[in-house]
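Asker: Have a look at this one.
Only the coordinates and a few stated rules stand behind these numbers; no lab work does. These numbers were taken from a predicted model, which means no experiment stands behind them. Here the Cβ is made from the backbone with ideal geometry for all residues, glycine too, and neighbour counts use every protein chain on show.
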Amino acid sequence: MGATGYIGKFVVRELVARGYKVVSFARERSGVNASTTSELTRQQLQGSEVRFGDVCDMNSLMKDGIRGEQFDAVVSCLTSRTGGIKDAWMIDYQATHNALDAGKASGAYQFVLLSAICVQKPLLEFQKAKLRFEKELIESGLTYSIVRPTAFFKSIAGQVESVKKGKPYIMFGNGELTSCKPISEADLARFMADCLEDSSKQNKILPIGGPGKAISAKEQGELLFELLGREPKFKKVPPLIFEVIIPVLTVLSKLFPMLKDKAEFARIGRYYTSESMLVLNPVTGKYDADATPSYGNDTLRDFYARVLKGGLAGQELGAHSMF
């Protein structure tokens, strides 16, 4: 499930490479702005059997996806594109719940879920939706693995092109308010595939980051400038800007319901400028880089070097981009 998403495509390819018989369930039109055709989807998910339908519709999921066949496991990479309130509950909860029900109906005994490390401190609707499903998965009786990655490379790639063109790197405050251990799509796909085979990764919640130490926004910018051979040039934005925007949008959304998602997007922006994507110590309430597991070999430096040279093809940000 979620095979056409940013991580989903790599998970499918990893499972195919390991010799699994993979059925990918996707929309007829997918990708950013529904720009990916069914034929292109088949090419991207080559080696798997691609079936088309609507994961939000249980009848479609059973008729077009399951087709009365027996399955051993479900791997879900479903996630809402925008984080908007309706989208979050429709995808992060309901569609993923449908995938669980369909899996159980098909005889599946294992479920691997792509979640997010930020659900540790749930202040946003998509986090609450993910947590509600996580609880139901744990109680389902299936063997489960709940994978909570830190930032993806894509999520911190939004300024690569602008910096390359000579613009300053935009950061909130001093750029050291938050940190993460970004992980590549390929390394994350390998970790998720491992969950099917490694009993030590089963019936557990698994926070995971990429290799190396945690890196702040300022350090991300410095790395870009270093690879470009330029002196760092930063533009600082005061985080307090959200304390002005959010109350205004919240009040206006009571009069104009179409602004509810705008207010939620502002809350998402504030969250990511104030909360690290690392393991949260429940006792101290502080984020702990040392307690955040590392996995894989692909570093942020490697990624930046590749995209500075070859561009961001395949890393389209769509609704995820803040800048």
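Asker: Can you pull out every residue in region 39-92 that is farther than 16 Å from Phe133 by Cβ and among the polar types (S, T, N, Q)?
Answerer: Residues satisfying the conditions are Thr41, Gln43, Gln44, Gln46, Ser48, Asn59, Ser60, Gln70, Thr82.
Asker: Going by the structure shown, is Ile205 surrounded by fewer than 21 Cβ atoms within 10 Å (Cβ to Cβ), under 20 Å from Ala289 (Cα atoms) and either without any contact (Cβ under 8 Å) to a residue 40 or more places away in the chain or β-branched (Val, Ile, Thr) (or both)?
Answerer: The answer is yes for Ile205.
Asker: Something else about it: Among Phe256, Phe172, which is among the hydrophobic types (A, V, I, L, M, F, W, C) and either within 30 Å of Phe133 (Cα to Cα) or over 23 Å from the mean Cα position of the chain (by Cα) (or both)? Outline the logic, then answer.
Answerer: On the way: Phe172 fails: either within 30 Å of Phe133 (Cα to Cα) or over 23 Å from the mean Cα position of the chain (by Cα) (or both).
On inspection, the qualifying residue turns out to be Phe256.
Asker: Among the helices (runs of 4 or more DSSP H) confined wholly to region 173-292, which include 2 or more residues that are touching a helix residue (DSSP H, G or I) at 6+ places or on another chain (Cβ under 7 Å) and closer than 30 Å to Phe10 by Cβ?
Answerer: Passing ranges, in order: 185-197, 217-228, 260-274.
Asker: Please pick out the residue among Phe172, Phe111, Phe153 that is closer than 16 Å to Asp72 by Cβ, among the aromatic types (Phe, Trp, Tyr) and either out of contact with any Leu (no Cβ under 8 Å at 6 or more places or on another chain) or crowded, with 16+ Cβ neighbours inside 10 Å (or both).
Answerer: None of the others qualify; the one that does is Phe111.
Asker: Only one of these is out of contact with any Asp or Glu (no Cβ under 6 Å at 6 or more places or on another chain), surrounded by 22 or more Cβ atoms within 10 Å (Cβ to Cβ) and of a type in the set (Lys, Arg): Lys181, Lys164. Name it.
Answerer: None of the other options fit; the residue is Lys181.
Asker: Let me ask another. Select from region 61-83 the residues that are without any contact (Cβ under 8 Å) to a residue 60 or more places away in the chain and either surrounded by 17 or more Cβ atoms within 10 Å (Cβ to Cβ) or in a loop (DSSP other than H, G, I, E, B) (or both) and list them in ascending order. Before the answer, list the steps.
Answerer: Of region 61-83, the ones without any contact (Cβ under 8 Å) to a residue 60 or more places away in the chain are 61-72, 80.
Of everything in region 61-83, those that are without any contact (Cβ under 8 Å) to a residue 60 or more places away in the chain and either surrounded by 17 or more Cβ atoms within 10 Å (Cβ to Cβ) or in a loop (DSSP other than H, G, I, E, B) (or both) turn out to be Leu61, Met62, Gly65, Ile66, Arg67, Gly68, Glu69, Gln70, Phe71, Asp72, Ser80.
Asker: Something else: Every residue in region 227-255 that is closer than 13 Å to Gly166 by Cα and free of Cβ contacts under 8 Å to residues at least 12 places away in the same chain, please.
Answerer: Those that are closer than 13 Å to Gly166 by Cα and free of Cβ contacts under 8 Å to residues at least 12 places away in the same chain: Gly229, Arg230, Glu231.
Asker: Working only within region 33-60, note down all residues that are of a type in the set (Val, Ile, Thr) and not in a strand (DSSP E or B).
Answerer: First, pick out the residues of region 33-60 that are of a type in the set (Val, Ile, Thr): 36-37, 41, 50, 55.
Listed by number, the residues that qualify are Thr37, Thr41, Val55.
Asker: Does region 125-140 include one or more residues that are in contact with a strand residue (DSSP E or B) (Cβ under 7 Å, 6 or more places away or on another chain), under 25 Å from Asp187 (Cα atoms) and in a loop (DSSP other than H, G, I, E, B)?
Answerer: No, that holds for no residue.
Asker: Within the bounds of region 294-302, is there any residue that is over 27 Å from Glu125 (Cβ atoms), surrounded by 14 or more Cβ atoms within 10 Å (Cβ to Cβ), more than 22 Å from the chain's Cα centre (by Cα) and not aromatic (Phe, Trp, Tyr)?
Answerer: no
Asker: Still on this model: Applying the selection to region 45-59, what residues are buried (at least 17 other Cβ atoms within 10 Å of the Cβ) and polar (S, T, N, Q)?
Answerer: Ser48
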